[in-house]
Amino acid sequence: MSKPRKQVILGAYVGGVNHHTVWSDPEAGSQIDFSTFRHVAQTAERGKFDFFFLAEGLILRERLGLIFDQDIVGRPDTLPVLAAIAAVTSHIGVVGTLNATFNEPYELARQLASLDHLSGGRAGWNVVTSFDAFSGSHLSLAARPNLFNDYIGR
C-alpha cells in the first residue's frame, strides 16, 4: 500500500502597512490602493496558491511616545477588500483576520456569511482575540472585561 501524498497549502500574505513593508522607491506604488491587492491576489491565483490572506490590526502603535503614522494612513478594512478580491478572482480563497473580542458575534457571523456567499464559498477567518484594555481603548470599548486577567486569576 502506498503512502498518501502530502499536500502543501499556500497562502499569499498581505500584512498591511508597517515599517517593514513600506517600499521607499516611488515606483513601487501604493500598498493600500486596491490595484495592489488585486495584483497580489490575481498573481497568487495564477500561481495556484490556495488563499489570499489580509491581516488586520486593531491598535495604534506608538514609537518614542508618538503614534506610528503608518497605522493611521494604512490598513483598509479587511472585509470590503476581501469582497472586492473575490469579485476579481475565481478560485483562490479569501481569508482575513477579524478580532473576536472586539466585534459582536452576530455581526461577525453575518459579515463572514455574506463574504462566503459572495465569494462562492471561498471565505476563511483567521480568528484572533485581544486580552488588554489598550486594544479596546482605541475602539471605545475599554469597559470590556479583561479576559486575559480573568483567565489567569489577577
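We did not get these values from a lab; they are worked out from the coordinates using the rules stated. None of the values given here were measured: they were computed from a predicted structure. Positions of Cβ are generated from backbone atoms using ideal geometry, with glycine treated the same way; all protein chains shown enter the neighbour counts.
Give the order of TYR13, TYR106 when sorted by the count of other beta carbons within 10 angstrom, beginning with the fewest.
By the 10 Å Cβ count, ascending, the order reads TYR106, TYR13.
Going by C-beta contacts inside 10 Å, put SER90, SER2, SER119 in order with the fewest on the left.
SER2, SER90, SER119
Quick query: amide H of ASN126 versus all other amide H atoms, modeled in the peptide plane; which residues come in under 5 Å with a sequence gap of 5 or more or a different chain?
It is GLY96, THR97, LEU98, by chain and number.
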